[in-house]
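Undergrad: Starting off with a structure, shown below.
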Amino acid sequence: MSYNTSRNYFWKMNGQKLHLYQLRKNALLSPDVNGRIESDDTELVYPDEDINNGLRVEYNAFVKPFVTADPNSLATDSNETTWSNPSLTEASSPEETSHVNLNRMLSLACVCFVQAQNAAKEGNIQLKEYYMREFYKKLADNESNKKKITIAFPSPVSSVR
Amino acid sequence: MTVLEIMERAGIRDTNLAISWIKDAIHYIESTQEENLKVKKSGIIKGQRDYDLPADLISINSISVLDTEDDNKYKRIRRLTGPIEISEDLNP
């Protein structure tokens, strides 16, 4: 029976493998078989029990990179409460009519990336760097679009009201 | 946005090359942003340290372990930094 797993388990990447360790707490002042007493009462060990489906990995991956329908338009949009997203079918062999499964801002970022690669192909590194900066700017814009931050500035006493 | 529209905006004529670059762009995006998250689960085996990661992984968002004594909740675990004293335990 696993308990308090957020404190007792640790992970580490080693190449393409995930290493999983468990924290074992020993009683202080309990001597080992040789009569030695350790000052540190914790040690990392391999997991000491079987847990069915115990390891959960959440990760970024390619999920339908190209689809057959436009992912940025609603399938039904009757009113505020009646709407649905389009059901997206992956285009396994993408072609010119396939849609990129990204929102509008990230699609524009893709345009900049393609322009950058094309500039690099033509040997124009300065232009490539320019488009890559535009690419990262659009990624940043996309992230900031998800957040709404309000900043309030106090007006000085002497300011004209 | 369709592949054709991206090609027209970027002034590219080669479709296969454009699709390859778009795939690279998506890879960059997935490396830095949380756009498409996937979840995979596998069993923890007593005495086993090494576990396979999904082959389609681009970047890790979180690793969790099932807490069976707390109503079967998956709880995020922390990443170890720095080297581990024991490189291999032959008798775990």
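Undergrad: Say we look at region A:83-110 and pick out the residues that are surrounded by fewer than 19 Cβ atoms within 10 Å (Cβ to Cβ) and among the β-branched types (Val, Ile, Thr); which of these is nearest to A:LYS128 (Cα to Cα)?
TA: A:THR97
Undergrad: Just one of the numbered conditions (1) within 13 Å of the chain's Cα centre (by Cα); (2) within 30 Å of A:TYR130 (Cβ to Cβ); (3) among the small types (Gly, Ala, Ser) is not true of B:ALA10; which one?
TA: (1)
Undergrad: Could I ask something else about it? Taking the criterion of being small (Gly, Ala, Ser), under 21 Å from the mean Cα position of the chain (by Cα) and either farther than 30 Å from A:LYS146 by Cβ or more than 8 Å from every other protein chain (Cβ to nearest Cβ) (or both), would at least one residue in region A:92-115 satisfy it?
TA: The first filter runs over region A:92-115 and keeps only residues small (Gly, Ala, Ser), leaving A:92-93, A:98, A:107, A:109.
If we keep only those that are under 21 Å from the mean Cα position of the chain (by Cα) too, we end up with A:107, A:109.
Still in the running and either farther than 30 Å from A:LYS146 by Cβ or more than 8 Å from every other protein chain (Cβ to nearest Cβ) (or both): none.
So far as region A:92-115 goes, no, none of its residues is small (Gly, Ala, Ser), under 21 Å from the mean Cα position of the chain (by Cα) and either farther than 30 Å from A:LYS146 by Cβ or more than 8 Å from every other protein chain (Cβ to nearest Cβ) (or both).
Undergrad: Let me ask something additional. When you go through B:ILE22, B:ILE12, B:ILE26 one by one, which is the residue that is in contact with a Cys (Cβ under 7 Å, 6 or more places away or on another chain), facing chain A (nearest Cβ under 7 Å), closer than 30 Å to A:LYS137 by Cβ and outside any strand (DSSP E or B)?
TA: Working: B:ILE12 fails: in contact with a Cys (Cβ under 7 Å, 6 or more places away or on another chain); B:ILE26 fails: in contact with a Cys (Cβ under 7 Å, 6 or more places away or on another chain).
On inspection, the qualifying residue turns out to be B:ILE22.
Undergrad: If I ask for residues that are out of contact with any helix residue (DSSP H, G or I) (no Cβ under 7 Å at 6 or more places or on another chain) and polar (S, T, N, Q), which ones from region A:108-131 would you list?
TA: So the first thing to find is which residues in region A:108-131 are out of contact with any helix residue (DSSP H, G or I) (no Cβ under 7 Å at 6 or more places or on another chain), and the list is A:121-126, A:129-130.
If the condition is that a residue be out of contact with any helix residue (DSSP H, G or I) (no Cβ under 7 Å at 6 or more places or on another chain) and polar (S, T, N, Q), then A:ASN124, A:GLN126 are the ones that fit.
Each value in this text was obtained by applying a stated rule to the coordinates, not by laboratory testing. Everything numeric in this text was worked out from a predicted model, so none of it was measured. Backbone-built Cβ (ideal geometry, glycine too); neighbour counts: all protein chains shown.
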